[in-house]
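Written below as structure tokens is the structure these notes are about.
The values are calculated or read from the model by the stated rules, or taken from the named source; none is laboratory data. Note that the structure is predicted; figures quoted are calculated from it, not measured. Every residue, glycine among them, receives a Cβ derived from its backbone with ideal geometry; neighbour counts consider all protein chains shown. Just so you know, the surface numbers come from the protein's heavy atoms only, side chains and all, with ligands and any DNA or RNA stripped out. Shrake-Rupley method; radii C 1.70, N 1.55, O 1.52, S 1.80 Å.
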Amino acid sequence: MLKGIKLRLYPNKTQQDQLEQMFGNDRFVWNQMLAMMNERYQNNKDLPFLGKFKLNYLLKPLKKEYPFLKNSDSSSLQVVNEFLTQSWKNFFQDKSGQIGKPRFHSRKYLKKSYTGKSIIKVAGKRYLKIPKLGYIKTSKTGFLEGAKIKRYTVVLESTGKYYLSLQAEVSEPQKLRLTGREIGIDVGIADLAILSNGLKYPSFDGSYFEKKAKAWQRKYSRRRHLAKLLALQDKNRKVLCPRSVENFVNWQKAQKLKARYQAKATNQRRDYLHKLTTHLVKQYDVIVIEDLKTKNLQHNHCLAKSIANASWRMFRQMLEYKCKWYGKRLIAVDPKNTSRICSECGYNSGAKPLEIREWTCPKCQTRHDRDINAAINILYKAKPNGQGLAMVKS
């Protein structure tokens, strides 16, 4: 099975300079190839489309003309051509007109990366050997033993930290023991997961980091505006060495601190979701959830931010692949009327405002917690003709 693995890299100063060169080389090749293909498209739209193999053939003369391209892993330049070809294919195949032509890459983009297909070797407990970079310090590599790395991506994030993302072929994980238990889950905003047995798991609270990120966002915007004004003054005064926006250290500091607080909240949210989904998969053999269209729900501007913070989509994605890994079963059912129907007698009492969290069934007089009742109805929907679910067989 293919698995994504992310490691932290700790390059030295020389390797950081090499990485900056390799990021620039990928951007340079993309822009050169895109300029050539734009010219072909403008002059004659009926010219045959250039595939990745023809673009790779052009790399050799390009390296002769620009020798600095030889400092990059050759496979990374081929991957650039692959991505560019796919972008053009998406443009030509799109009938809706929503996908435009590929755009040029800017050196001012904060997140830099390059992707390669060359062989990466584990050189020690905390060292890897990466093409062109040599031996580079990283986080633990013990779990890479026996893994066949298909593709790797080196990323410099806006926080100033380097990461290595690997697409590796690993052996399938051992299946978890069956518990004979099934559960329905209703997702919410205050409580992320409400189970049909009455348990509730709260949503991740990232308010502290969001508050810090917003404060530094204001400083970042203010300092960037000031830096632009000073750079414009230098230009108008015709200063011998005019400053650019990137020369102002305070602006860079605000940008980096803002990104670090945002990354902190993102990482802690993902860690919380991993722990919660792993716990659920270990406890239950059959998990039933609503088939929600999260993208459509976020069109409601009153709830969009809360839904995004709760990360319903990521929660479902984690449940899907972990159930597949560990031999459990995930069922998605239609969410229609799950909060309207009484789980005791089946009476539909109609729509209820979001502020109503508890209600009494007018037919059987049963008092319901809105979310727990919905979770029970979600579980019932997965049962054929009201019978019990077919349990997962070992």
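See the values below:
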quantity	calculated
R0 of 56 Å, Cβ-Cβ distance Thr366-Lys264: FRET efficiency to nearest 0.05	0.80
Pairs from Lys111/Lys322; Lys52/Lys121; Lys336/Lys383 whose Cα-Cα separation, in the structure shown, is over 25 Å	Lys111/Lys322; Lys52/Lys121
Most mobile listed residue (Ala190, Ala308, Ala351) in the chain, GNM with C-alpha springs under 10 Å	Ala351
Cα centroid of region 149-196 to Cα centroid of region 55-125, whole Å	27 Å
Cys364, Cys241, ranked by accessible area, largest first (probe 1.4 Å)	Cys241, Cys364
222 nm mean residue ellipticity, helices alone, for the chain (DSSP H n ≥ 4; -39,500 (n - 2.57); rounded to 500)	-14000 deg cm²/dmol
Spacing of the two label points (7 Å from each Cα toward its C-beta) at Lys324 and Lys352, in nm	3.6 nm
Charge tally in the Cβ shell below 15 Å around Glu344, where Lys, Arg are +1 and Asp, Glu are -1, Glu344 excluded	+2
Spin-label pair Leu2/Lys253, simplified geometry with 7 Å Cα→Cβ offset, distance in nm	4.4 nm
The chain: antiparallel DSSP beta bridges as a percent of all, rounded to 5	85 percent
Carbon plus sulfur fraction of accessible area for region 73-163, probe 1.4 Å, in percent	49 percent
Nearest-0.05 FRET efficiency for Glu39 and Ala123, computed from C-beta distance (R0 51 Å)	0.70
Accessible-area ranking of Ile99, Ile372, largest first, probe 1.4 Å	Ile99, Ile372
Heavy-atom surface of region 92-152, accessible at 1.4 Å and reported per residue (Å²)	73 Å²
Contact order normalised by residue count of the chain, Cα under 8 Å, 6+ apart, percent	15 percent
Within straight-line cross-link reach of Lys381, aspartates and glutamates at Cα separation under 16 Å, skipping those fewer than 8 residues along the same chain	Glu182, Asp186, Glu290, Asp291, Asp334, Glu344, Asp371
Contour excess over end-to-end distance, with Cα ends at Phe143 and Asp334 and 0.36 nm allotted per residue	64.8 nm
Charge sum, other residues only, whose C-beta stays under 9 Å from Leu164's C-beta, Lys/Arg counted +1 and Asp/Glu -1	+2
Efficiency of FRET from Cβ geometry, Lys235 and Lys161, R₀ 35 Å, rounded to 0.05	0.55
In Hz, Karplus ³J(HN,Hα) per residue of region 114-126 (6.51, -1.76, 1.60; θ = phi - 60°; x = Gly, Pro)	8, 10, x, 10, 6, 7, 10, 10, 7, 9, x, 4, 9
Lys258 accessible area, assembled protein chains, probe 1.4 Å, Å²	30 Å²
Cα→Cβ-extended label distance, 7 Å offset, between Tyr208 and Leu226, nm	2.9 nm
